[in-house]
Amino acid sequence: MQPKVSKFGGTSVADADMIRKVKAIVAADADRRYVVPSAPGKRSKDDQKVTDLLYLCHEHARQGIAFDEVFTLIARRYSEIAEGLGVDPELQKHLEKVKQEIARVAADGGGPDYAASRGEYLNGLIIAEFLGAQFFDAAELIHFDERGKFDEDQTYRVIDEKLKGSQLAVVPGFYGSLPDGSIKTFSRGGSDITGAVVARGVGASLYENWTDVSGLLMADPRIVDNPKAIQTLTYRELRELAYMGATVLHDEAIFPVRHAGIPVNIRNTNRSDDPGTMIVPGNGSEKHTGTITGIAGRKDFTVIALEKAMMNSQVGYGRRVLSVLEDHGVSFEHLPSGIDTMSLVVADSQIDGKLKDVLEALRVEVHPDTIEATPQMALIATVGRGMSHIPGMAAKLFGALSEADINIRMIDQGSSELNIIVGIHADDFETAMRAIYKAFVG
Ligand code: ASP
């Protein structure tokens, strides 16, 4: 049987009780042979994440301020966990060493990566002993090159050599090492990436991502009341939804497993019987069910609309428009066009402070008959592999918005028919989201 890789997020390993749940989950399936834990996360809303405290230790050390007090909080957290589980992987010795090294690295002018990585390292030691699993230091498995770029070739070679034979292994998430042996972390939330890398490295049949929600929801629960969970979605749908603001998995975490065609299962450690959300490669032969997968949206866009009679017959018009954006270092998100019109949808973060110059340059370069910028636009994507080849999906969407009295200012249907994006005024965002959900889901 091919193994499964089970990554547990910060809240899933926040204290001894949670780690007991982790053990039960791992024990329930003999294929769960690789466990990737995060550092202890929040136990309640006002609690602190160990990783944040470790960054603070480094920052204090760097500024020459004593960090004993903060470190004591960290040490206490781990002691409680170890005592609660009845294990002792020589914790005091490790804590002492970590404290000294944080001071040394900071004194040598090093960055925060060493300190930050110790959250996963220490938790990994404890969890490995509690599970009766072999502990692997991620510094020996996950490699970065001199420029700090993830070194795929070396990492997968080493995983193949060292990790593959293990019956039950714990690999702490979030970090690896540079060629000189020093520690380097992925970006924040990066244990997801470690899990995906291990899954690809050992040729897993499944990458399980255990967290505190039962998978992805069809819409943002802060806007739509009690949205349904998504059972299955493809990597491409996830990309569309994530781009539009739906978050669960670290973006970069998708690439290693997607590349290898390994499905990802998002599960809830507190409700381990829930099937969660399955993210699958998708081979284009999905059923066209007429249903949607999810809705997501983002505010803070500006639309620049250009009109020019006979635009369609002018060779190079589009290229000249886009070179103006390029010259100003502005990327665009969407480019809906008609025979005599073209709209550029840009994120405000791109165009802020540059809008006037861009408009002026467009006037000079492409002589539009009219040019108009509309700020405060929101985009909503309705995404679903089941929508393609089904007549009436767009009509349903536009009907729902018209019934809710919402003016659609832009429409963009991806060429894959996987999504329909509408541009509306930011003030209509929440109403539009609810109207679309109601029309398709009920
Ligand atoms: N502990 C790290 C963080 O807080 C990495 C992770 O949890 O994925 O960012």
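Just so you know, all these numbers are worked out from the coordinates, no wet-lab data involved. Since this is a predicted model, take the numbers as computed values, not measurements. A quick note on method: Cβ atoms are made from the backbone with ideal geometry, for glycine too, and the neighbour counts reach across all protein chains shown.
Quick notes
- DSSP finds beta bridges in the chain, and of those with both partners inside it, around 65 percent are antiparallel.
- When Rg and the Kirkwood Rh are both derived from Cα coordinates, the Rg/Rh ratio for segment 1-105 amounts to 1.04.
- Principal-axis tilt of helix 355-366 within the chain, Cα atoms, nearest 10 degrees: 50 degrees
- For the chain: relative contact order, % (alpha-carbon pairs under 8 angstrom, 6 or more apart): 13 percent
- If you run the Gaussian network model on the chain, springs between alpha carbon atoms under 10 Å, then out of Met310, Met244, Met387 the most flexible one is Met310.
- In this structure the amide hydrogen of Lys184, modeled in the peptide plane, comes within under 5 Å of the amide hydrogens of Gly176, Ser177, Leu178, none closer than 5 places in sequence on its chain.
- Length gained when the stretch Arg104-Asp274 is fully extended (0.36 nm per residue, less Cα-Cα span): 56.6 nm
- Largest first, the extents of the alpha carbon coordinates of segment 323-371 on the three principal axes equal 29, 22, 16 Å.
- Packing-based order for 90-102, 192-204, using average beta carbon neighbours within 10 Å, highest first: 192-204, 90-102
- Subtracting the Cα-Cα distance of Arg188 and Asp212 from their residue separation scaled by 0.36 nm leaves 6.9 nm.
- Within segment 371-389: backbone nitrogen closer than 17 Å to the Lys228 label point (7 Å, Cα to C-beta): 382-388
- Of every Cα-Cα pair in segment 226-350, the percent that sits beyond 26 Å: 45 percent
- GNM result for the chain, Cα springs below 10 Å: residue of Leu163, Leu122, Leu344 fluctuating most strongly: Leu344
- Once the Cβ-Cβ distance of Asp88 and Ala394 is raised to the sixth power relative to R0 = 41 Å, the FRET efficiency obtained is 0.05.
- Magnitude of the charge dipole, segment 75-131, Cβ model with Lys/Arg +1 and Asp/Glu -1, debye to 20: 180 debye
- Helix 251-260 axis, angle to the chain major axis (alpha carbon atoms, nearest 10°): 80 degrees
- Unit charges at the beta carbon, dipole of the chain: most positive-side option, Leu95, Ile411, Val170: Val170
- By the helix-only formula, in which each DSSP H run with n ≥ 4 contributes -39500 (n - 2.57) and the sum is divided by residues, the chain has a 222 nm mean residue ellipticity of -12000 deg cm²/dmol.
- Whole-angstrom Cα spans of segment 113-184 along principal axes, big to small: 37, 28, 14
- Derived value for the chain: Kirkwood hydrodynamic radius 24.3 Å. Basis is the mean of 1/r over every pair of different alpha-carbon atoms.
- 3J(HN,Hα) from dihedral phi, segment 224-241, Karplus parametrisation 6.51/-1.76/1.60, rounded to Hz, x for glycine, proline: 9, 5, 6, x, 6, 7, 8, 7, 9, 8, 8, 4, 5, 5, 4, 4, 4, 5
- Per-pair calculated FRET efficiency, R0 = 25 Å: Lys45 and Asp68 via Cβ, rounded to 0.05: 0.40
- For Gln376, the amide hydrogen comes within under 5 Å of the amide hydrogens of Phe301, counting only partners 5 or more places away or on other chains and with H modelled in the peptide plane.
- Dipole magnitude of the chain, debye to nearest 20 (Cβ charges: Lys/Arg +1, Asp/Glu -1, about Cα centre): 920 debye
- Residues considered: Asp137, Asp17, Asp220. Largest GNM mean-square fluctuation over the chain, using C-alpha springs under 10 Å, is found at Asp17.
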